[in-house]
Structures are given as C-alpha cells and as structure tokens.
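Peer 1: Here's a structure for you.
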Amino acid sequence: MSNVMSAAQRAGYRRLGWRWLAAAISLAIVVIAGATLYRIFHEIDVARVIDALKTQAPQSLLLSCLFVAGGYLTLTCYDVFALRAIGRRHLPYRVAALASFTSYTIGHNIGAAVLTSGIIRYRIYSAWGLSVGEIARIAFITGLTYWLGNAFVLGCGIALAPGAASAINHLPAPINRLIGLAALTAINCYMLWLLPRPRSIGRLPWRVALPNPASTLVQIAIGSLDLIFVTLAMYVLLPAQPAIDFFDLLVVFVTAMLIGVVSYVPGSLGVIEAAMFLSLPQFPREDLLASLLTFRLLYFVVPLILASLLFGLREARLVVAGLARSRKLTRLVSARK
C-alpha cells in the first residue's frame, strides 16, 4: 500500500511540476508581449492608424471575410471528424457545427478554453445522449487535429522559408530548416507507429482509440486547411507594399497564433500583435496595426458575437421548452386530481 501511495504522490508532484512550468511559460509570454506592445505603441501615431483603417480596400475586406468564413467552416470539420472517430456518426452536421463553432469561439475568446469549451460541448452533446467520457474523447481528438495541422503547416513552411522563422527565433536559416524537417519526420514516425495495429491511449473509461493512418491524413488536411484560411484572411489585409511571400507570412502568422494559444490569454489579445510586430519590421507600424485590428474584428469579435447569440438562443429555447413541459405536467396532475 505504501508503494502505491508513494507512486501516486510522485505522479501528483510531476503533474504539479508541469502545471507550474506551463504557468511560468504563459506568464513569460504575457510579460514579453506586454513589454513589446508598450514600447511599440509608445511610438505609434494614432492618426495614421485611423487613416490606414479608412483607406483599406473594400475588396480586401470582402476577401478576408470570405477566408474567415472558410476557416470557421473548416473548423466545424474538427467535431464532425471526432464524432466519426468515436463512432457517433448519427449526429446531424448542424449539431457538430454548432458545438464546434460555439465551443471554440467562446472558449478561446473568454479564456480557460479547456473548461469553457468543455462545458459548452457538454451542454450541446449531452442532449444527444453523449456521455462525459465521449465528450472528453471528442475534445482530445479535436486537439490532436489542431496540433497535427500546426506541425505539418509549420514543418512545411519552415522547411521552405526558414528565413521567416529566423525573424521569430533568431536562429540561423539552416537550423530552422532542420527544425521544419524534424517536425515532418515526427509526423511520419507517428504515422508509422499507427500502421501495424489499432492504437489507443489512456485508461478506461477515458481510453481514446486513435484514428488509423488514412484518417490521420484527413486530420492533417483539416488542421492545415484551417490554418491556411486564417493566414489568407490576414494576408489580404496587409499593405501591398512592401510585398511579402505567402509562405513567409504563413510561418510568422501561424507561429504567432500558436504562441497566443500557449499563452492562455483570452483571444490571444496582444500576444499575436506583439509577435507580428517583432516578425514583420518591414511594414510601417501604423499600417500593420490597422491590418491586425481589422483581422481581430473579423476573426475574433464578430464570430464571438455570433457564437454567443447562437448559444444564448439555444439555451433560451431549452428553458422555454422546459417551462412549457413543466406547465403541461402540472395541468395533467391537476386534471387527475
């Protein structure tokens, strides 16, 4: 018994240590981002930012809106794929789309994304008979899709445009190219590990059956397409001059988004902006800030308003339906008396 207790204590200490490390990393990111933004904003001409916002081309705004819509449409595929992976193919697409859109958008913008997204998914999926264990498996598989997409996109991007990564990590281009190739190699090793037989991780009732190699390719495609749409939405908002290669922006922007996710800051507010300012010094700061503000409005603020309305209307409809059932039951009881 004492051996079991000591093993449990060691496992608890390890988990606590990882949590402290994650908190320290998040705090460091926030501090660096805050210091960077303070230094940059101190030198920014607000009038020029307003002028840059006013002179944005309508076609650029329209294209960005379309790419944002494409990104969120791809995002719904995360939950559709996860539902199929756990054997829940019967759920309608509209249910998966609502759960994916609202849980991601509200969770990422409010903060405490794991908890917030989990609660929203539970509210939606439990009405369709899914258990807590199944919802946890959905969350794991959607997270795996996201990280596989990041590894593939950044692996390809850094291998093709290592100089763009150098603007972020200040490492030599050959080293960054090796990092990109290492990410792609890790994905290949994971695929080879999946080949011999079905794989699963975790313990019952939380065990998760991992998708097979063919399905994993679908995962990678979903995650990659999502990131490409988001980057395109930013790309069309940037000033025409100086010109920037799409693959360069892909590396910079996906890395900035990833740093924002790791920081756990609600909506990655300030973190994405700081990373972009540091990585794209060739753009006038006022013009870049105008592009970033427009992107944040289109990708974060508008979807948050829409997701909140959709989820709020759903909850209100359920409350009204519950009250109607309660009144009906009361009338039936009164009639029998």
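The values are calculated or read from the model by the stated rules, or taken from the named source; none is laboratory data. Treat the numbers as computed from the prediction; the structure is a model and nothing was measured. For neighbour counting, all protein chains shown are included, and Cβ atoms are generated from backbone atoms with ideal geometry for every residue, glycine included.
Peer 1: When you look at Arg88, is it touching a Leu at 6+ places or on another chain (Cβ under 8 Å) and not β-branched (Val, Ile, Thr), yes or no?
Peer 2: Considered against the rule, which asks whether it is touching a Leu at 6+ places or on another chain (Cβ under 8 Å) and not β-branched (Val, Ile, Thr), Arg88 comes out as yes.
Peer 1: On the basis of being within 15 Å of the chain's Cα centre (by Cα), at pLDDT below 95 and either over 22 Å from Leu227 (Cα atoms) or surrounded by 18 or more Cβ atoms within 10 Å (Cβ to Cβ) (or both), does Leu115 make the cut?
Peer 2: Yes.
Peer 1: Checking the structure you have, find out if any residue of the range 241-248 is over 30 Å from Val132 (Cβ atoms), among the β-branched types (Val, Ile, Thr) and over 17 Å from the mean Cα position of the chain (by Cα).
Peer 2: yes
Peer 1: Let me ask you something else. Does the range 28-50 contain at least one residue that is modelled with pLDDT of 60 or more, on the phi < 0 side of the Ramachandran plot, more than 22 Å from the chain's Cα centre (by Cα) and among the hydroxyl-bearing types (Ser, Thr, Tyr)?
Peer 2: No: zero hits.
Peer 1: When you go through (1) among the hydrophobic types (A, V, I, L, M, F, W, C); (2) surrounded by 20 or more Cβ atoms within 10 Å (Cβ to Cβ); (3) farther than 25 Å from Tyr104 by Cβ one by one for Leu154, which number turns out not to apply?
Peer 2: All conditions are met except number (3).
Peer 1: For the range 288-316, what are the residues that are over 18 Å from Gly260 (Cα atoms), surrounded by fewer than 16 Cβ atoms within 10 Å (Cβ to Cβ) and within 19 Å of the chain's Cα centre (by Cα)?
Peer 2: Val302, Ile305, Leu306, Ser308, listed by residue number.
Peer 1: State all residues of the range 263-294 that are within 17 Å of Ile106 (Cα to Cα) and either of a type in the set (Val, Ile, Thr) or modelled with pLDDT of 90 or more (or both); if no residue qualifies, say none.
Peer 2: Hit for the range 263-294 is Val265, nothing else.
Peer 1: While we're looking at this one, here's another question. Give me a count of the residues in the range 162-177 that are surrounded by 15 or more Cβ atoms within 10 Å (Cβ to Cβ) and out of contact with any Asp or Glu (no Cβ under 9 Å at 6 or more places or on another chain).
Peer 2: 6
Peer 1: Mind checking which residues of the range 179-193 are over 13 Å from Leu148 (Cα atoms) and not aromatic (Phe, Trp, Tyr)?
Peer 2: Once the filter is applied, which keeps residues that are over 13 Å from Leu148 (Cα atoms) and not aromatic (Phe, Trp, Tyr), the range 179-193 yields Ile179, Gly180, Leu181, Ala182, Leu192.
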